[in-house]
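Reviewing the structure listed below.
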Amino acid sequence: QSLFKKDFAPGPTEGWGLADGALFDQLVPVLEKLPHPFFAFVITLSLHYPFDFFPPALAELDLRTIKNRNLANYIHGMHYFDRSIRALVRRLDETGLLRDTVVAFYGDHDPRFGFDPELLQLAGFDHVGTGVFQLLDRIPFFVILPKTASADGGLDGVHVVDAVGG
């Protein structure tokens, strides 16, 4: 079964489609009804380039000091995505789905900022030197195993693997 825009109720949008939090809110009831075991693959759209706008109603950070508005919108978007993931984990836990569900998140590419001077400064670099590209071009991938999720939406027993993958 595939679900697309027409299958979801209207809600706040961010990036190319339904804001991630609204998507997750509508997705959990769908997952609850699926026969077990199931596999679900969800593409979120809130963190996709371009970052020329971020809905003020979803913003929680004071980023007025950041001159590059696209960069500020990206940071707002990342913060919103983090909040949405936390809420999703809580909902999966409350519904009992988290007991036997593996949740994986990954990004398919970087945010396309290149060597933006303000980004470099925020990342703690004063110039573009050897290895800066590799440090800035990290693509996230994380997995939540059933025994690692906690009821407060946090993660217990997190094991970090800091390695280059492909």
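List of remarks:
- Number of the exception - residue 26 against (1) part of a helix (DSSP H, G or I); (2) within 16 Å of the chain's Cα centre (by Cα): (2)
- Criterion: within 20 Å of residue 3 (Cβ to Cβ) and outside any helix (DSSP H, G or I) - qualifying residue of 63, 88, 45, 92: 45
- Residue in region 74-84 that is outside any helix (DSSP H, G or I), hydrophobic (A, V, I, L, M, F, W, C) and buried (at least 16 other Cβ atoms within 10 Å of the Cβ) present: no
- Some residue of region 16-23 being closer than 21 Å to residue 122 by Cβ, in a loop (DSSP other than H, G, I, E, B) and touching a His at 6+ places or on another chain (Cβ under 6 Å): no
- Hits in region 29-40 - residues which are assigned to a helix (DSSP H, G or I), surrounded by fewer than 11 Cβ atoms within 10 Å (Cβ to Cβ) and not charged (D, E, K, R): 29
- Number of the condition not met by residue 100 [criteria: (1) open to solvent by less than 50 Å² (accessible area, probe 1.4 Å); (2) in contact (Cβ under 8 Å) with a residue 60 or more places away in the chain]: (1)
- Criterion (modelled with pLDDT of 80 or more and in a strand (DSSP E or B)) met by exactly one of 105, 125, 115: 105
- Of note, residue 15 satisfies the criterion of being open to solvent by 20 Å² or more (accessible area, probe 1.4 Å) and in contact (Cβ under 8 Å) with a residue 40 or more places away in the chain.
- Matching option when the condition is over 30 Å from residue 135 (Cα atoms), in contact with a strand residue (DSSP E or B) (Cβ under 8 Å, 6 or more places away or on another chain) and modelled with pLDDT under 90, among 98, 45: 98
- Residue within region 61-71 that is closer than 24 Å to residue 108 by Cα, open to solvent by less than 50 Å² (accessible area, probe 1.4 Å) and not polar (S, T, N, Q) present: yes
- Residue that is nearest to residue 68 (Cα to Cα), among those in region 128-144 that are open to solvent by 30 Å² or more (accessible area, probe 1.4 Å) and assigned to a strand (DSSP E or B): 141
- Condition met for residue 43 (free of Cβ contacts under 8 Å to residues at least 40 places away in the same chain, open to solvent by 50 Å² or more (accessible area, probe 1.4 Å), of a type outside the set (Lys, Arg) and closer than 15 Å to residue 14 by Cβ): yes
The values are calculated or read from the model by the stated rules, or taken from the named source; none is laboratory data. The structure presented is a predicted model; accordingly, all values stated were derived computationally and were not measured. Cβ sites come from the backbone with ideal geometry, for glycine too, and all protein chains shown count toward neighbours. In case anyone asks, the SASA skips ligands and DNA or RNA and just uses the protein heavy atoms, side chains included. Shrake-Rupley method; radii C 1.70, N 1.55, O 1.52, S 1.80 Å.
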